[in-house]
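Read through the structure below, which is laid out as structure tokens, and then see the notes.
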Amino acid sequence: KRITKVNRFSKYLILCLSTKNYCLIHLGMSGTIHLLNTYKKKIFTNASFYNSPILPKNHNHVEIIFKNLKIIYNDPRRFGFFQIIKNSYLLKKRFAHLGPEPFNSKFNLNYASYFLKGKKKNIKNFLLDQNFVSGIGNIYANEILFLSKINPNKKAFLLKKDELLKIIINSKKVL
């Protein structure tokens, strides 16, 4: 299939295919994508944040082959996945349970106040909850709360509006 466009949502890569299908990719906690030039066998890159120049020999689960390039998906712990989605309706349905991303205008003070009202779970767990806000992981949650000067163990219902506003603003800064 031909890839016509590459998108993303939250922690997912979305390859739009010429057949109107979608290939959904999630790296999980340990997955990496490696780019290999088919003409220069010894030159490749790990496209992850950690950028190791060594292509692992084990745990290569998916290869996408192009004319001059090969994309290799490696995941030793198998937390990530590839999924083919048949159409745009099913793609939207796949993400329907997820909260807005931090940069989305829907992630605002009214939304956060309403969502967290009366909730006794601590604020760090809410930042990690993809149903509340999508795309924030552990490291980002820690950074957001540190910059906001909010104890991660503070119960969500105890947060004042100015604290919620700091969380919203800092989530946009950190990501």
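The values are calculated or read from the model by the stated rules, or taken from the named source; none is laboratory data. Because the structure is predicted, anything quoted here is derived from the model rather than measured. Every residue, glycine among them, receives a Cβ derived from its backbone with ideal geometry; neighbour counts consider all protein chains shown. With ligands, DNA and RNA removed, areas are computed over all heavy atoms of the protein, side chains included. Shrake-Rupley method; radii C 1.70, N 1.55, O 1.52, S 1.80 Å.
Structure notes:
- Largest GNM mean-square fluctuation among 18, 148, 113, using the chain with Cα springs under 10 Å: 18.
- Relative contact order of the chain: 18 percent, from C-alpha pairs under 8 Å at least 6 residues apart in sequence.
- Counted charge near residue 74, where neighbours are those whose Cβ lies closer than 11 Å (Asp, Glu -1; Lys, Arg +1): +1
- Compared with the dominant Cα axis of the chain, that is its longest principal axis, helix 161-174 is turned about 20°.
- Protein-only accessible surface order, largest first, of 129, 75 at 1.4 Å: 129, 75
- Taking a sphere under 12 Å around the Cβ of residue 29 and counting the other residues whose Cβ falls inside, with K and R at +1 and D and E at -1, yields a net charge of +2.
- The chain - Debye-derived log10 I(q)/I(0), Cα point model, q = 0.19 Å⁻¹: -1.19
- With the convex hull constructed from alpha-carbon coordinates only, region 120-160 shows a mean projected area of 2.7 nm² over all directions.
- Our coupling estimate for region 23-34, obtained by passing each phi through the Karplus curve with A = 6.51, B = -1.76, C = 1.60 and θ = phi - 60°, is 10, 9, 10, 10, 7, x, 8, 10, x, 9, 10, 10 Hz, Gly and Pro reported as x.
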